[in-house]
1. Tell me the relative contact order for segment 15-301 as a rounded percent, counting alpha carbon contacts under 8 Å between residues six or more apart.
2. Can you give me the pair-distance distribution of the chain, C-alpha pairs, 10 Å bins, whole percents?
3. When ranked by the protection proxy of mean other Cβ atoms within 10 Å per residue, highest first, what sequence do the peptides 206-213, 103-110 form?
4. Which three extents, in angstrom, do the Cα atoms of segment 54-106 have along their principal axes, listed largest first?
5. Where does the charge balance sit around residue 189 when Lys and Arg score +1, Asp and Glu -1, over other residues with C-beta under 15 Å from its C-beta?
6. log₁₀ I(q)/I(0) of segment 1-45 at q = 0.19, 0.29, 0.31, 0.33 Å⁻¹, via Debye over equal Cα point scatterers, no solvent, to two decimals?
7. Alpha carbons only, please: Rg and Dmax for segment 1-142, in angstrom.
Amino acid sequence: MNRLRDENGLYAGPIVDAHHHLWDLSLGRHRWLRGQTDPALARSCLQEDYLRDTSGYDVVASVHVEANWDASDPLGEITWLDGLDLPGGIAARYVGFADLAAADIESQLDAMTAHEKVAGIRQIVSWHPDPARSAVSDRHFMADPGWRRGLAALGRHGLSFDLLMSPWQVNDAIDLLAAFSDIGFALNHCGSPFDRSRDGLARWAGGLRALARAPNIMLKISDLVAYDPQWTDDSLRDVLLTCLDAFGPQRCMLASDHPVVTMHASFRQTYESFRRAFADLTDAESLALFAGNAARFYGIGGAGLADWS
C-alpha cells in the first residue's frame, strides 16, 4: 500500500486532473486567443508545458476539455489531440465540442465517438446579466427544444455533458437534469460563483444544493480564482467547503483548468489550496476526490489507482 499523506498529514496520493486545456497558437484555430496579452493566454500550452507546471504532483491522468477551437471544425481539435505525443495518462480522455442544435448532430457525434478517447461533449451555455460575460444571449438557452434534441443524442452515444452555466440558470438546469436522467453531467467550475457579495454567494450556494439533489450530476471543483482573482486562503476555503458540503466527497472531482487558471494562480497554488481545505477527509474520501471520481466519471482505466488504498 502506498502512502496517501505526507509528513504534514496532507493528501499526497495520485491526481486525476478532471479539466485542463492544450492548444497550439501557431495553428490559428482559437479565435478567442488572438491578441491576448496575459502570459497565460498569449502562448501555446502543449503537453510539455502542462508537465512542467504539474511537476512535483503525481498526476496519473487528466482530461482535456475543448478550448473553443474553431466551431466550424470541432473534429479538428480531436484529430489534433490524437496526433500529439502524449505521455502517460495526460489527456487520457477528451471532452469535445459540438453544437447540439446542429441538424447533423448525429453524424457529428458518430465521428467524435470513432475516436476512443472522446468521453463527453461541452457546449458552454453560461448566461450572465452582463452580455459581455455571457456565452449565450438567451438565459433560457437550455430550454430550447432543438438544442435538447441534440442533447438527447449524447445518451445514445454514451457521452457525458460538461455543463458550464451560471447561478442565474439553476432552475433551467434542474429541469434539464430531470429530463435527461440517462446522461451524466459534470458541473464546471463550481457552478460559476460570479457574484462575490454575501447575498450573491448565498444564492450560489443554495443553487448548488438544489442541483445536487439530481443523482446524475457531479461537481468539478476548479478554477475558483477566475471568480475571485484577489483570492485569499480563507476565501478559497469557504467556497471549497461549500462545494463539498453540497455534493459530498463521492460526487466532486478536482481539476486545475490549466492554463487558464494561471492568470491568477499557479497549478501548485491551486492544488495546495485543495490539500489544505480537504485535509480532514478520510483517506478513502480523499482518494475519491483527488482521483477516483474523475476516473470513474470519464471512464479512465489503468490510471494506477489500484495501488492506492
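1. 19
2. Values per bin, smallest distances first: 6, 28, 38, 24, 4, 0.
3. Result, highest mean first: 206-213, 103-110.
4. Result, largest extent first: 45, 19, 18 Å.
5. -3
6. -0.66, -1.07, -1.13, -1.18
7. According to the Cα coordinates of segment 1-142, Rg and Dmax are 17.5, 56 Å.
Bear in mind these aren't lab numbers, they're just calculated from the coordinates by the rules spelled out. Fair warning: this is a prediction, and the values are worked out from it, not measured in the lab. Glycine also receives a Cβ, built like all others from the backbone with ideal geometry; neighbour counts cover every protein chain displayed.
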